[in-house]
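What follows is one structure encoded as C-alpha cells, with my remarks underneath.
The values are calculated or read from the model by the stated rules, or taken from the named source; none is laboratory data. Keep in mind that what you see is a predicted model, and the values were worked out from it rather than measured. Note that we place each Cβ from the backbone using ideal geometry, even for glycine, and neighbour counts take in every protein chain shown.
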Amino acid sequence: MPEPGRGHHNIQVETIKPKNASVTLKRLWNYLSVHKLKLLTVLLLVIIAAALTLVGPYLIGKAIDDYITPHDFKGLFKLLIVLITAYALTSLFTWMQNYNMMKIAQITVRDLRKDAFDKLQVLPVSFFDTRSHGDVMSRLTNDIDLINNALNTSLTQIFSSIITLIGTISLMLWLSPLLTLISMITVPLMFITTRLITKNTKHYFSEQQKALGSLNGFIEEDISGQKVVKAFVHEQEEVKRFENTNAELRDVGIKAQIYSGVMGPLMNVLNNIGFAVVAGAGGWLAVQHVITVGTIAIFINYTKQFTRPLNELANQINTIQSAIASAERLFEIMDEIPEPDDAPDAVELTNVNGDVEFKNVYFSYKPGEPTLKDVNFHALPGQTIALVGPTGAGKTTIVNLLTRFYDIDSGNIFVDGYDIKHITRNSLRSSLGIALQDTYLFSESVLDNIRYGRLNASDEEVKAAARMANAEPFILSLPDGYNTVLSEDATDLSQGQRQLLAIARAILADPAILILDEATSNVDTRTEQHIQEAMLKLMEGRTSFVIAHRLSTIRQADNILVINDGRIIEHGNHVELLKQHGFYYNLYMSQFANIKKLDGTVAER
Ligand code: ADP
C-alpha cells in the first residue's frame, strides 16, 4: 500500500470520509474543551486579524478619495501611519493566534498519544495477535499527525476564511451592490474550472500514487530478494520489469503534473479578468458619479481577498475530513476491550513452589474451533516438562494459557493449588519466566536488555546472570562489550546469541516457573552447547516447561507431553514412551533416528 500523502504535491488523492463524524467530533471536543479559555482567545484573535485585513483596503480607498484627490498630503501621511499600524497589528494577531493554536494542538495531540499508548499496555495479547502491527503503528503515528495538522492550521484557517468571506461581502454590498454583483461574475466560472481540473488531477494523482506504490514494492522486493535474483541470474529480467513500472510512473506523473500545473495560471487569468471587469465597470460607474475612484480601489483589493478564502475553505475541508477519519481510527483502538480486571477475590502469589496443574482444559482461539481439547497434566515443583509434537499441535497455546495471555473456555489451571483465575495477573506473570526463541530485544545496550528481566538489578547482578547464561564471551567480543547498543530487533546478533541473552534475562528474573522455547533454527555446535548448558543451569530447581526440539532436552525431561491436534495423546519419560511404540516412537524415529544414520556418529541435533 502506498502511503497517502507521499510525493511532492498537496492535492489529496482521496479524502477518506469519516463514518460517524459527529460522534468523533464530540470525543475530540472532550480533549479540546480543556482549553476552552485559550480557544476563545484564539477565536477572538482570529476575528480581530480578519477584521484588520478588511480595514487595509478600505483605508486605501479612503486615502484616494479623501486625501490624494484633494491633495491633502498631511492627512495622507496620518492615514499612512494608521495603515501601517493596521498591517502590523494584523501580523501580530495572526502570529498570536497561530502560537496559541499551535500550543493547544500540541497539548491535545500529546494527550491523545498518551491515552492511546496507555491503552496499548492494557490490551490483551489477542489484540496484537490478530492485528497487523503496521496498522496499529500507523494509527498512533500517521493518524495522530494528521489530527495535529488539522488542529494546527485548518481550524484557524477555516474560522478566518469564513469571517473574511462574510466581512468582505458585507462591506462590498454596503459600498456598492451593483459592483458587488459585477465582481461576482467570474466566481461561478472559477468554481466550474476548479472542479473540472481537480477531478482530473485527483484521478491522475491517484494513478501516480498506485504506480509509485508498485514501484516501491518492486524495489523493496528486489533488495530483499537480491540473493535469489543473483543466484538465478535474473538481473536482466529484473531491469526490464523495472523499466516497465518506471515508465508507467513517468506517464501518469507527467499527466498529473500537467493538470495540476494548469490550475495556477488559469486561476490567475480568471482573477485578472475579474479585476479587469471590476476596473472597467467601476471606472464607468465612477464617471457616472455612482461611486468614487477610491471605491474601485477597495473593490479590486476585496475581489482578491474574496477568492482566497474560498479556495482555502475547499482545501481545509478535505484536511478536516481526513483528520476526523484519523481520529475515528485512533478512537477505535481506545475503544478496544482491555484485559478484564482481576477477580475481586484474586490473591497475590508469593513464595511460589511451582506446582502446575491443567485439569480438563478446553480452549479455542475462534469460537467453535477448539485448539486444545481436554488437556490434563500435573507438574510437580522442580520438574522439567517437555512439550513435543508437530507444528500447530498446540504447544505454544498451552504456554499462552499458563501466562493468561488467553483465558481458557472451560476446565481449570492451578498454580500452587490456586486456580489462576483467582490469582492477580501481575503476581502470576511475575512468578513465570519466559525465554522464547524469538525473544524481543530492544534497541538499547546489552546490559539494559538483560536487565529487562529484573529492572532493579545492579550491573554486577546483570553480569553474573550473563556469565551463568554463557553469554559473557560473546558479549565481551562486541564493540562496546556490555554497553553495545543493539540494532533494532538485534538483527546484528545470531539466533543463538539472542537466545543466550534471553536465557540471561530469565536467570536474572529468577522465576519459580520457567517457560522455554528451544530454537528450531540451526546454530553452530559450540553455541548449541553453550545454550544447552545455560538452559540446564537455568532449569535447576524450577518447574520448567520446554517446547523442545532437541533430543537431549527431551531425554532429560521428567515428563514428556506428546501433543497432537490439541490433545495430549501420550505422556511419560523418554524410555517409557519409546516402549509404547506409539506416536512418540514414530516421531523419534522420523526426526532423530535418521540423523544418526546420516552422519553415523551424533544422534542429537
Ligand atoms: P505449536 O506451538 O504446537 O506449533 P500453536 O499452539 O502455536 O502450535 O498453534 C495451535 C493452533 O492454533 C494452530 O492451528 C494455530 O494455527 C492456531 N493458533 C495459534 N495462535 C493463534 C491465534 N493467535 N489465533 C488463532 N489461532 C491461533
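For this structure, a couple of remarks:
- The one condition in (1) modelled with pLDDT under 85; (2) under 30 Å from Leu123 (Cβ atoms) that Leu310 fails to fulfil: (2)
- Residue list for region 403-427, restricted to those being of a type in the set (Gly, Ala, Ser) and either closer than 17 Å to Asn360 by Cα or within 16 Å of the ligand (Cβ to nearest atom) (or both): Ser410, Gly411, Gly417
- When Ala519 is tested against (1) under 15 Å from Ala471 (Cβ atoms); (2) modelled with pLDDT of 75 or more; (3) outside any helix (DSSP H, G or I); (4) of a type outside the set (Phe, Trp, Tyr), exactly one condition is not met: (2).
- Every pair of residues 6+ apart whose Cβ atoms lie under 8 Å, when the first sits in region 341-365 and is within 16 Å of the ligand (Cβ to nearest atom) while the second is part of a loop (DSSP other than H, G, I, E, B) and of a type in the set (S, T, N, Q): Phe363/Thr371; Ser364/Thr371; Tyr365/Thr371
- Residue within region 114-122 that is touching an Asp or Glu at 6+ places or on another chain (Cβ under 7 Å), assigned to a helix (DSSP H, G or I) and surrounded by fewer than 16 Cβ atoms within 10 Å (Cβ to Cβ) present: yes
- In the set Pro18, Pro57, Pro2, Pro70, only one residue is of a type outside the set (Asp, Glu), in a loop (DSSP other than H, G, I, E, B) and either at pLDDT 95 or above or buried (at least 19 other Cβ atoms within 10 Å of the Cβ) (or both); that residue is Pro18.
- Residues of region 551-569 satisfying the condition of being in a strand (DSSP E or B) and within 15 Å of the ligand (Cβ to nearest atom): Ile560, Leu561, Val562, Ile563, Asn564, Arg567, Ile568, Ile569
- Test: residue in region 462-472 that is polar (S, T, N, Q) and buried (at least 17 other Cβ atoms within 10 Å of the Cβ): yes
- Count of region 382-402 residues, restricted to those that are within 13 Å of the ligand (Cβ to nearest atom) and of a type in the set (S, T, N, Q), is 4.
So that you can scan it fast, the table gives a plain yes or no per residue for (1) of a type in the set (Lys, Arg); (2) modelled with pLDDT under 90:
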| position | (1), (2) |
| --- | --- |
| Asp416 | no, no |
| Leu432 | no, no |
| Asp438 | no, yes |
| Ser458 | no, no |
| Ala466 | no, no |
| Pro473 | no, no |
| Gly496 | no, yes |
| Arg505 | yes, no |
| Ile513 | no, no |
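- Residue check for Asn559: within 33 Å of the chain's Cα centre (by Cα) and among the polar types (S, T, N, Q): no
- For Arg329: the one exception among (1) among the basic types (Lys, Arg); (2) within 20 Å of Arg567 (Cα to Cα); (3) away from the ligand (no atom under 16 Å from the Cβ); (4) under 30 Å from the mean Cα position of the chain (by Cα): (2)
- Hits in region 88-107 - residues which are among the small types (Gly, Ala, Ser) and buried (at least 18 other Cβ atoms within 10 Å of the Cβ): Ala105
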